[in-house]
Each structure stands twice: as structure tokens, then as C-alpha cells.
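Worksheet for the structure shown next.
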Amino acid sequence: MKFSEVVKRVIDLATPINEYWERELRKRHPKYPLVDPAVPDPPPPPQEEELRQFLRSLPAEEVHKLVEIYHLGRGDFNAADFPGAVRRGAKSGPVPDHLIEEMASGSLNEFFVNGVHELRLAGVDVDAPAPAAA
């Protein structure tokens, strides 16, 4: 599977997760986005577990690349720095479970889509091999 297909699959799963949480949290919390911790959360949407399993099935290098797209969309660096961020992420070894859990939660979609958009604007081909470390 090309990495661009992995990206599309993540977006396809993350979008309904985000929509579900937006809808359900608004129902339960009248002052949303302020959330009352005393109010129990609804059960997670089925896509959340599907995304979690999909992420766990990927090679660590691809998950690190996905994490960097998320960080790019969050504004942690600019698209020109993406290849270096991917190299640094790949050097960090296995993907910690907390990163997969963070990405499987409802917060992934907006930042991830923003990161993909930034890469497209910068002309970065996500399917291109990562350049060797300098």
C-alpha cells in the first residue's frame, strides 16, 4: 500500500470519529467545549478501534510519518522541515502505545488534515522515499 493510501485511510477513519465526538459531547455538555468531568463519556465510536488496529498494523516508520503529519498540522514545524522530522522520528525506535492512542482519539482529524494540506501546498510527495540523513 502506498503511503498516500495509508494517509487517505487514516482520514477516512478519523473523520467520522471526530464528527461523533463533536456531536455526542455537545449533547452531554451544554457549555461545550467546556466539559464537565462528572458527566460520563459516551462509548467510543467503532471507527476508533478500527483506526487503532490499523495504526498498530503499520510499520513503525509509517506510524512515525503519520505522527509527523499530525505535528505539522498542529503547527510544530513547517512543511519544509517535514523530511527532517520524519528522519528524527524514525530514529526514535518503536512507536509508543500512547502515540497510537492519541492518534486514535477524536483529536486526530483536524490536525492531520491540516498537515496533509500543508504538505500538498509545499509540493511534498508523501510517497517519495525519505532522504538519507545528512
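The values are calculated or read from the model by the stated rules, or taken from the named source; none is laboratory data. Quick caveat, the model's predicted, so the values are computed rather than measured. Cβ sites come from the backbone with ideal geometry, for glycine too, and all protein chains shown count toward neighbours.
Computed quantities for the displayed model
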read-out: Residue check for residue 42: touching an Asp or Glu at 6+ places or on another chain (Cβ under 9 Å) and closer than 25 Å to residue 28 by Cβ; value: yes
read-out: Odd one out for residue 8, checked against (1) closer than 30 Å to residue 126 by Cα; (2) of a type outside the set (Ser, Thr, Tyr); (3) loosely packed, with under 14 Cβ neighbours inside 10 Å; (4) in contact with a Leu (Cβ under 9 Å, 6 or more places away or on another chain); value: (4)
read-out: Residue within segment 69-76 that is modelled with pLDDT of 85 or more, closer than 16 Å to residue 6 by Cα and surrounded by 15 or more Cβ atoms within 10 Å (Cβ to Cβ) present; value: yes
read-out: Candidates 4, 57, 92 - the one that is among the polar types (S, T, N, Q) and closer than 14 Å to residue 115 by Cβ; value: 4
read-out: Any hit, segment 37-56, residues being within 17 Å of residue 8 (Cβ to Cβ), under 16 Å from the mean Cα position of the chain (by Cα), of a type in the set (Lys, Arg) and surrounded by 13 or more Cβ atoms within 10 Å (Cβ to Cβ); value: no
read-out: Hits in segment 20-43 - residues which are at pLDDT below 90 and within 30 Å of residue 119 (Cα to Cα); value: 21, 22, 33
read-out: Subset of segment 77-91 [within 12 Å of residue 124 (Cβ to Cβ) and either in contact (Cβ under 8 Å) with a residue 24 or more places away in the chain or buried (at least 18 other Cβ atoms within 10 Å of the Cβ) (or both)]; value: 78, 79, 80, 82, 83, 85, 86
